[in-house]
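Report on the structure given below.
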Amino acid sequence: MPYCAQILLMETQVHYQLFRSHELLSEGMITTPFTVGRQCEGEPSPVSVFEPPRAGSGAVERKSASVRKLIVVSLSDRTIPRLFLRIEIGANGKLDVQNTHRIFDIELADKVVLPTGERGALGMGGSVFFSEQFELRLALSRSKAKSVTPQLRPGSSLCFTILNADRELPDQDQTNLLSMIQQDLPMGRGELAISLVRTVLQAFKAPPGSDECFNAAGTAAIKMIDLDRVAVLFKTGDKWTCRTQSFRKGTHISRAENRPFSHSLLSNMESTAKTTIMEPDFSEHRLAASMQNVDRAVVSPIFDDKQVIVGALYGDRESGGTNADRPIGELEAAMLDVLASGISSTLAIQQEQRLRNSMSPFFSPVVLAQLNTDHKLLESRETIVSVLFCDIRGFSSVTEKIGPTKAIGWINDILTSLSECVLNHDGVLVDYVGDELMAMFGAPADQPDHAQRACRAAMEMLSQIVPLGIKWKDTVPNRFGFGIGINSGPASVGNTGSQKKFKYGPLGNTVNLASRVQGITKQIGVPGLITGETAAAVGRDLFQMRRLAKVRVVGIEQPIDLYQLCENDEHRQLCEEYEQALIAFEKQDLNLTARLLASVLQSYPADRPTIILLNRTAELLSQSEREFDPIWNLMQK
């Protein structure tokens, strides 16, 4: 709850009451006009009325004490400025209030905001709120004053002061803030400190990494430090290039623009990786071309996200200027270092924005939101994922017939549809290689159901074959299809591209096997295959699948189980009858296997896996001496 000062007019006087947290601190009479604020040097202790010195009294009169002043807090309490409000009687005979503060807005009753320097009408009475603690209640009456209980805004339990961060200080207060803050000036160190912070913050409201941002940082450095020129430099190889330059008002700009930068100063800054001040006290320094017409200079490093120096914030002064021969102190250098650090941060933000913009086509909105929440998700790590490869069948023959121009439009549309299937299930689009798409599930954010997501994406891809065929029937009259392979297992995930081109994805045997499985779809004649690892992670209750064989693929010694991912329940009977035959085969009951497979072919004469297994069975039966191996050795990739 704020201070509450109630002011009632009797003839030319006002009665006031001061409250703090519902506690009445003081009340009395004061003649208008008067100001409200913090105690100054030589003024009485609060809560009291300070009478200005009379002319000829011999007292030193301050501008801030030209009228009576209601002192509400002591000199040590910086929550209230020295001069905050001016109260007087307006032309209509009622109370007027003026906000005399240079930075803060104040709030009147009924949430009426009074900006700095502006006046507001209180009529016969009203409240003024300032600081988070205090309320100033004002009232005008020609009758005897009555005690008034402090009031809060309707629906509020707190009182607020509004900082108008966009309001500029007068020009004379905009420069040399660090020098001013070390002096005892009327506006007060607290207000100067706020101005200092605002100046730094204002420098980084511009788009990160833009010239506008760099110019704002240069202007801020000039306002805070006694510098005539501030430049943002970037280094490419061994060469420093000036990106932007800012100049103090009154500086001979054409001469300053062409003044070179001190390479010895830049070199020293690079070797130490710290802000460096040059004090050219010796004649040989002034003879250097880069230091002609320069009094002093200072430079701070700008780092990239790897803490490598990529640029510098460079400032200098002209010799013979108003600030010549005044040393650049550690405080000034520290503030330049703060601004340089801010530029480093904006460069990191810009780089991150570029990275995220480049990644947005490859991640779903859900995954992007997770990345925005946790930036560490993109760091390299070991995890369990499901990897999907999808190949477009008949691509070569189609492109040969329709030509390159139509082929590009066709393949773009196909890959776009396939990509949407991946993103619909929050997968990551890792790469496109010709007519093949690679996707990953389970990273960057953990997805315990990554195998299920991969299978659902695959089923959605297969469901697009018919509508895409209809859409492109005039251009691609021949039928086309997809071959999809999925494998689940451990992988190293992270940036598998380079520093020049980012590509988030997995590496390891899990990826290699997924690629092999996709290739097997051609040999075994089914559109979708998953490994036993994926099938175990999914569970056979969620998807219709049939175990086709145990195979040994090229380049991978350990045999794997292959399952067909079936499109619908129409194949349920096929799956059951085929797997009965496969069990008989693995038990070396070849005669039973042959009979069961023959029965399957009567219902499904075009089923390639049944034909392949029947041929293997017949070959083994034809050999009088045979070495049985239930594992199917695939010699092709």
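The values are calculated or read from the model by the stated rules, or taken from the named source; none is laboratory data. The structure presented is a predicted model; accordingly, all values stated were derived computationally and were not measured. For neighbour counting, all protein chains shown are included, and Cβ atoms are generated from backbone atoms with ideal geometry for every residue, glycine included. Accessible surface is based on the protein model in full, side chains and every heavy atom, while ligands, DNA and RNA are left aside. Shrake-Rupley method; radii C 1.70, N 1.55, O 1.52, S 1.80 Å.
Which of the peptides 68-77, 405-414 is most tightly packed, and how do the rest follow, judged by the mean count of other Cβ atoms within 10 Å per residue?
Per-residue Cβ counts within 10 Å, averaged per peptide and sorted highest first, yield 68-77, 405-414.
What does the C-alpha gyration tensor say about the overall shape of region 470-568? Classify as rounded when a/c is under 1.5, otherwise prolate if a/b is larger than b/c, or oblate.
Taking the square roots of the gyration eigenvalues as a ≥ b ≥ c, region 470-568 is oblate.
What do you reckon, how do GLU586, GLU533 stack up by accessible area (1.4 Å probe), largest on top?
GLU533, GLU586
Leaving ligands, DNA and RNA out of it, report the carbon-plus-sulfur percent of the accessible area of region 367-444 at a 1.4 Å probe.
With neighbouring chains kept in place, the figure for region 367-444 is 54 percent.
For LYS501, give me every one of the lysines with a C-alpha distance below 21 angstrom, ignoring sequence neighbours fewer than eight places off in its own chain.
Filter leaves LYS306, LYS376.
Using a cut-off of 10 Å between beta-carbons, work out the net charge of the residues near ARG248 (Lys and Arg +1, Asp and Glu -1, ARG248 not included). Intermediate results must be reported in sequence, preceding the final value.
On the way: positive: LYS223, ARG229, LYS249, ARG317; negative: ASP226, ASP228, GLU318.
Net local charge, ARG248 excluded: +1.
Roughly how many Å² of LYS501 are accessible to a 1.4 Å probe, to the nearest 10?
150 Å²
Please list 261-269, 224-232, 346-354 highest first by mean number of surrounding beta-carbon atoms within 10 Å per residue.
Ranked by mean Cβ neighbours within 10 Å, highest first: 224-232, 261-269, 346-354.
Taking a ≥ b ≥ c as the square roots of the eigenvalues of the Cα gyration tensor of region 512-637, is the shape rounded (a/c under 1.5), prolate (a/b larger than b/c) or oblate?
oblate
Using a 10 Å cut-off on Cβ atoms, rank the peptides 546-554, 620-628 from the highest mean neighbour count down.
Per-residue mean Cβ counts within 10 Å order the peptides as 546-554, 620-628.
Beyond a 20 Å Cα-Cα separation, which of these cross-linked pairs lie in this structure: LYS235/LYS274; LYS205/LYS274; LYS522/LYS550; LYS471/LYS522; LYS401/LYS471?
Result: LYS205/LYS274; LYS471/LYS522 exceed 20 Å.
Rolling a 1.4 Å sphere over the protein heavy atoms, what is the accessible area per residue of region 584-632, to the nearest Å²?
61 Å²
Please report the accessible area of GLU23 (heavy atoms, 1.4 Å probe, ligands and nucleic acids excluded) in Å², nearest 10.
Result for GLU23: roughly 110 Å² accessible.
Which order do TYR314, TYR432, TYR604 take by accessible area at a 1.4 Å probe, largest first?
TYR432, TYR604, TYR314
Output the relative contact order of region 478-637, whole-number percent, from Cα pairs under 8 angstrom with separation of 6+ residues.
20 percent
Within the set of other residues whose C-beta is less than 14 Å from the C-beta of PRO527, count the net charge using Lys and Arg as +1 and Asp and Glu as -1. Intermediate values should be presented prior to the final figure.
Numbers: positive: ARG393, ARG479, LYS522, ARG546, ARG608; negative: ASP391, GLU460, GLU567, ASP607.
Taking every other residue near PRO527 into account, the sum is +1.
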